[in-house]
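Participant: Take a look at the following structure, please.
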Amino acid sequence: MATTPAAESRSPEPKTNRIGLTVIDYKGGKTTLCAGCGHNAISERIVEAMYEMGVQPERVAKLSGIGCSSKSPAYFMNRSHSFNSVHGRMPSVATGAMLANRNLIALGVSGDGDTASIGIGQFVHLMRRNLPLIYIIEDNGVYGLTKGQFSATADLGSTLKTGIHNDLPPFDCCALALKWGATFVARSFSGDKKQLQAILKTAISHNGLSVIDVVSPCVTFNDHQGSTKSYSYMKEHEYILNDLDYVPYYEEIAVEIPEGSFMDVEMHDGSHLRIRKLQRDYDPTNRLAALAVLEDALAKHEVLTGVLYVDTHKPTFLELLNLGEEPIATLPESKVRPPKSVLDQMMEELR
């Protein structure tokens, strides 16, 4: 049977995920960041992870503060909810959003300045609460919007393009997260596609606070010799702690396991994080061990990447507050507003 010219030119149907969406459904606007910025690579990994996990875009709330990193939520998942908050105050907005609607998947994107400088107080208290939130720090060690000054994560002894040396020790956001209560802590590199994707997929299925510190080189102000957050420095000094494999709950929980030492961590939704230990004595469920390997890497001038810590047992902030299963945002006024008799009683007590 002969085919018509129209049939021959017809494009193949686009590939869809398990909920029938194409990868285009997870895209955002055109980026205005510098060409080659590591933040754009992170946005691409978020798009891929959400698409492959089959997350409904309308269930996602994207939250950010101020900075180059906080612009990036505009560049992925334009069908999702989005709120660009005040500098360093994204954790407060995220907390309010999750308390109002626990059915959302909260995705916070911050930077090293937004988190470790003006936002350090909110960041630390967020750790204490273990709010269900994916918190991505796009970490380049400088303030890219204000001509490249050192941020609070810039390493001691690193230099700016002007030759100025940094004389102050850095905050390690992963160490802070480990110390103060985050239940999933990882570090990655924007140039490591496979590792970052596996980490993001695990964070999506984790019921608790996931802190992912991603070294994301600033090609304009911090990608030169002397920078410890440049592409060349990361390629020379990255030490990969573990090799990751993620298996979603809706796929068969089985992978071909080569020889070596492995750990299998079951997530809350039934998904599995499979970790091949490159250091055979490392246990990612041991918080003290995670802090120790970070200190050891610092002494060796290594940038440690991989999953540092996983805790699937600690209650979340929503569970501690004993919130009902129905989101507060959907409750009728009769349930969320005290009746006049109660308000009158309160006023009498205040007299």
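Participant: Do we find that Asn40 is within 27 Å of Thr220 (Cβ to Cβ) and surrounded by fewer than 22 Cβ atoms within 10 Å (Cβ to Cβ) in this structure?
Facilitator: yes
Participant: Since Gly88 meets every condition but one in (1) touching a helix residue (DSSP H, G or I) at 6+ places or on another chain (Cβ under 8 Å); (2) outside any loop (DSSP other than H, G, I, E, B); (3) surrounded by 20 or more Cβ atoms within 10 Å (Cβ to Cβ); (4) not hydrophobic (A, V, I, L, M, F, W, C), which condition does it not meet?
Facilitator: Status for Gly88: all satisfied but (2).
Participant: Now, a different point. Do any residues in region 329-351 that are farther than 21 Å from Met98 by Cβ have Cβ atoms under 9 Å from those of residues that are part of a helix (DSSP H, G or I), where the two are at least six apart or on different chains, and which pairs are they?
Facilitator: Partner pairs satisfying both residue conditions: Pro338/Met346.
Participant: Report yes if Phe171 is of a type in the set (Phe, Trp, Tyr), modelled with pLDDT of 90 or more and closer than 23 Å to Ser271 by Cα, otherwise no.
Facilitator: When the stated conditions are applied, Phe171 does not pass them.
Participant: Continuing with the same structure: Quick one: would you say Gly157 is of a type in the set (Gly, Ala, Ser), surrounded by fewer than 23 Cβ atoms within 10 Å (Cβ to Cβ) and modelled with pLDDT of 90 or more?
Facilitator: No, not satisfied.
Participant: Here's a follow-up. Tell me the helices (runs of 4 or more DSSP H) entirely within region 163-266 that contain at least 1 residues that are surrounded by 23 or more Cβ atoms within 10 Å (Cβ to Cβ) and not β-branched (Val, Ile, Thr).
Facilitator: Result: 173-180, 193-205.
Participant: Of all the residues that make up region 91-120, how many are open to solvent by 30 Å² or more (accessible area, probe 1.4 Å), more than 13 Å from Ala152 (Cα to Cα), out of contact with any strand residue (DSSP E or B) (no Cβ under 7 Å at 6 or more places or on another chain) and part of a helix (DSSP H, G or I)?
Facilitator: Here the count works out to 4.
Participant: Across region 122-146, what is the total count of residues that are part of a helix (DSSP H, G or I) and either free of Cβ contacts under 8 Å to residues at least 24 places away in the same chain or touching a Ser or Thr at 6+ places or on another chain (Cβ under 8 Å) (or both)?
Facilitator: 6
Participant: Please work out if Leu291 is over 17 Å from Gly208 (Cα atoms), open to solvent by less than 100 Å² (accessible area, probe 1.4 Å) and part of a strand (DSSP E or B).
Facilitator: no
Participant: If you go through region 69-78 one residue at a time, do you hit one that is modelled with pLDDT under 95, among the charged types (D, E, K, R) and touching a His at 6+ places or on another chain (Cβ under 9 Å)?
Facilitator: yes
Participant: May I pose another question? Within region 300-314, does at least one residue satisfy the condition of being at pLDDT below 90, open to solvent by 80 Å² or more (accessible area, probe 1.4 Å) and out of contact with any strand residue (DSSP E or B) (no Cβ under 6 Å at 6 or more places or on another chain)?
Facilitator: Within region 300-314, none of the residues are at pLDDT below 90, open to solvent by 80 Å² or more (accessible area, probe 1.4 Å) and out of contact with any strand residue (DSSP E or B) (no Cβ under 6 Å at 6 or more places or on another chain).
Participant: Also, I was wondering about something else. In this structure, does Gly148 turn out to be of a type outside the set (A, V, I, L, M, F, W, C), open to solvent by less than 30 Å² (accessible area, probe 1.4 Å) and either over 24 Å from Leu298 (Cβ atoms) or touching a Pro at 6+ places or on another chain (Cβ under 7 Å) (or both)?
Facilitator: Against the criterion (of a type outside the set (A, V, I, L, M, F, W, C), open to solvent by less than 30 Å² (accessible area, probe 1.4 Å) and either over 24 Å from Leu298 (Cβ atoms) or touching a Pro at 6+ places or on another chain (Cβ under 7 Å) (or both)), Gly148 does not qualify.
Participant: Taking the stated definitions as given, is Gly20 loosely packed, with under 15 Cβ neighbours inside 10 Å, at pLDDT 95 or above and either over 15 Å from the mean Cα position of the chain (by Cα) or outside any loop (DSSP other than H, G, I, E, B) (or both)?
Facilitator: Here the answer is yes, as Gly20 does meet what is asked.
The values are calculated or read from the model by the stated rules, or taken from the named source; none is laboratory data. All values derive from a computational prediction rather than experimental measurement. Please note: Cβ atoms are built from the backbone with ideal geometry, for glycine as well, and neighbour counts cover all protein chains shown. Ligands, DNA and RNA are excluded from the accessible area calculation, which covers all protein heavy atoms including side chains. Shrake-Rupley method; radii C 1.70, N 1.55, O 1.52, S 1.80 Å.
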